[in-house]
Structure formats: C-alpha cells, structure tokens
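The values are calculated or read from the model by the stated rules, or taken from the named source; none is laboratory data. Remember, predicted model here, so these are calculated numbers, not experimental data. Please note: Cβ atoms are built from the backbone with ideal geometry, for glycine as well, and neighbour counts cover all protein chains shown.
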Amino acid sequence: MDRQASPPRILSIAGSDSSGGAGIQADIKTIAMLGGYAMTAITAVTAQNTRGVQGIETMHPDLVMDQVESCLEDIGADAIKIGMLGSADIAQRLAERLDSFAGPIVFDPVMVATSGADLASEATIAAFGALMDIATLVTPNLPELAALTGRHTLAEADIYDAAGELAKRHDTLVLAKGGHGDGDEIIDRIVSASGKLGSFGHARIDTRHTHGTGCTLSAALATFLAHGQPLTHAVRLARAFTFAAIENAPGFGEGSGPLGHQAVRSLSSD
Ligand code: PXL
C-alpha cells in the first residue's frame, strides 16, 4: 500500500458488541488494520458474548444523527458502512440524511446475530428499503436475501435472480454472500441492476468462530472502496482479509467466537 499522508476516513454506523467480535468493534479493528481512519455512530448497545445476546438498548435517533453530523461536518468521510440499525426510525432518518453523501455507502442488512439472536424488528427490516435505495452496495447473506425478496428459502439456482431483483428494485449493487449455503465452497455473487458482475469462491473453513464475519467483510469493503479500489477488486481484497481473519481466530469463548483481525498484517490495498 502506498503510504498515504492522509488515511481514508470511514464512518461506521452500527451496533456495539461488548464482546468485541462483531458490530462497531469488528468494524474499527478492520478499518484500522486496513489503513483507514475509523469513526463511529452507535445505533444500539448490546450486552453479548460468544454464547448470545444478553441485552440490547437502542439509542435515541437524535443521538445517532448527532453522531453522524459530528463526524461529517468536521472530519468528513470517504466511505460509510451501515450495519445494525436499532429501529425503523433510525433507518429512515439515516436514509434521508445520507441521500446527499457523495462517497460509497456499504449497507450490511443485519437481521440476526451469528448466535441466532434477533438484531432487527419487523418494522426495522421494513425500513431497510430506504437504505438500499441510497446504498452503493448491499451485502445480504442468503437468509437475509431470501427475506428481502419475500422468499421462504433460496435454492442455489435462484440466488442470482433474487440478488438481481433486489439490485433492480433499489438501483444498487448486491453482494449475495454464500456462507449460509451448503457445500465445501463458499460462493459470493455480485450483481448490478443491469446484470451479473461476477462470482468469488473460497473453500469453506471448518470453524465455529465466525462471529462478526459479515461486519468485518462490509467494513473491509467500505475501507477498500475509500482507498479508491475498483469494485470487484475491493470485493476480492475484502474477502481475503475476512478469510485471513477467520483463519486466525483466537478461539475465545464457548460459543461462536470472534475473528483474529489483529493477526492479518500482510494484506495491502494494492
Ligand atoms: O454480524 C451481525 C452483527 C451486527 N451488529 C452487532 C452484532 C452482530 C452479531 O452479533 O452483535 C452489534
């Protein structure tokens, strides 16, 4: 990576995970390891660990918007990542405010934690549409893609159709993450409103330590896009970072443990 006088500035709008594996904490670790400058607007605070979520408190929408404003009006941002939203009101207000944001916006439509806990209400999910409308790239996993396109399940053969439908409906790019699929190979597929852009495969890693994988990938995508990487290369690099962090998971906790962001030192944005 070229040594930059000024690192790209990334604003993460997401929930806090006390155990440090997902949410805001995963985002800060990812952004910093990839040479970005991390800022945050916290939408909800969760008490959680690798076993599950023990408590959630959603921030007042005014305070979420104040955090966003504080960051954008002074330091500014080159890219924004949006994760857990906390409430429909927060989602709606963010969509209105960020409509005029000039840089890339990566939206990870978080619904359920790796441990299985619900992180979005029906009303919040209903408000995702407004955020997909303003997002550059939306990164659903397969259950999220099914839910967002009104399907109960999603057969392998229907993934491109569903992703294409979502991309067209919201005029956005969709990265359909294949980690929840079957098989030894994980295939992520990217589509635009006008069709398929490509697919990316990786051997599935046999591990229970995947807590925060989606957060890590979306934060890495935002960082690489902020570095100026073209889309498909940003996807390639963000996946490489995420798989390396999974490979280096420290094995903490009794449930689905965190990734090892701190161990991924060799990846550059070149
Ligand atoms: O990876 C989804 C996610 C997002 N945001 C927060 C989380 C999790 C998963 O646990 O805790 C705050």
Mind listing just one residue for me: the one in the range 85-118 that is of a type in the set (S, T, Y) and within 16 Å of the ligand (Cβ to nearest atom) and, of those, farthest from L131 (Cα to Cα)? S115
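Among the residues of the range 119-133, which ones are outside any loop (DSSP other than H, G, I, E, B), at pLDDT below 95 and within 16 Å of the ligand (Cβ to nearest atom)? Talk me through it step by step, then tell me what you get.
Of the range 119-133, the ones outside any loop (DSSP other than H, G, I, E, B) are 122-126, 128-133.
In the following step, the residues that additionally are at pLDDT below 95 were identified as 122-126.
Within the range 119-133, T124, I125 meet the criteria.
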Index of the failed condition, R51 passing every other in (1) under 19 Å from the mean Cα position of the chain (by Cα); (2) among the charged types (D, E, K, R); (3) assigned to a loop (DSSP other than H, G, I, E, B): (1)
Counted residues, the range 134-157 - those being assigned to a helix (DSSP H, G or I) and either under 19 Å from the mean Cα position of the chain (by Cα) or surrounded by 15 or more Cβ atoms within 10 Å (Cβ to Cβ) (or both): 8
Identify all residues within the range 188-237 that are buried (at least 21 other Cβ atoms within 10 Å of the Cβ) and small (G, A, S); write none if there are none. G212, G214, S218, A219, A220, A222, A226, A234
With the structure loaded, tell me whether I42 is aliphatic (A, V, I, L, M), within 24 Å of H180 (Cβ to Cβ) and within 16 Å of the ligand (Cβ to nearest atom) or whether it fails that test. no
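Going by the structure shown, is A14 part of a strand (DSSP E or B) and more than 10 Å from the ligand (Cβ to nearest atom)? Before you say what the answer is, go through the steps one by one.
Numbers: part of a strand (DSSP E or B): yes; more than 10 Å from the ligand (Cβ to nearest atom): no.
Against the criterion (part of a strand (DSSP E or B) and more than 10 Å from the ligand (Cβ to nearest atom)), A14 does not qualify.
Here are I28, I42: which of them is among the aliphatic types (A, V, I, L, M), at pLDDT 95 or above and in contact with a Ser or Thr (Cβ under 6 Å, 6 or more places away or on another chain)? Talk me through it step by step, then tell me what you get.
Working: I28 fails: in contact with a Ser or Thr (Cβ under 6 Å, 6 or more places away or on another chain).
Being among the aliphatic types (A, V, I, L, M), at pLDDT 95 or above and in contact with a Ser or Thr (Cβ under 6 Å, 6 or more places away or on another chain) holds for just one of I28, I42, which is I42.
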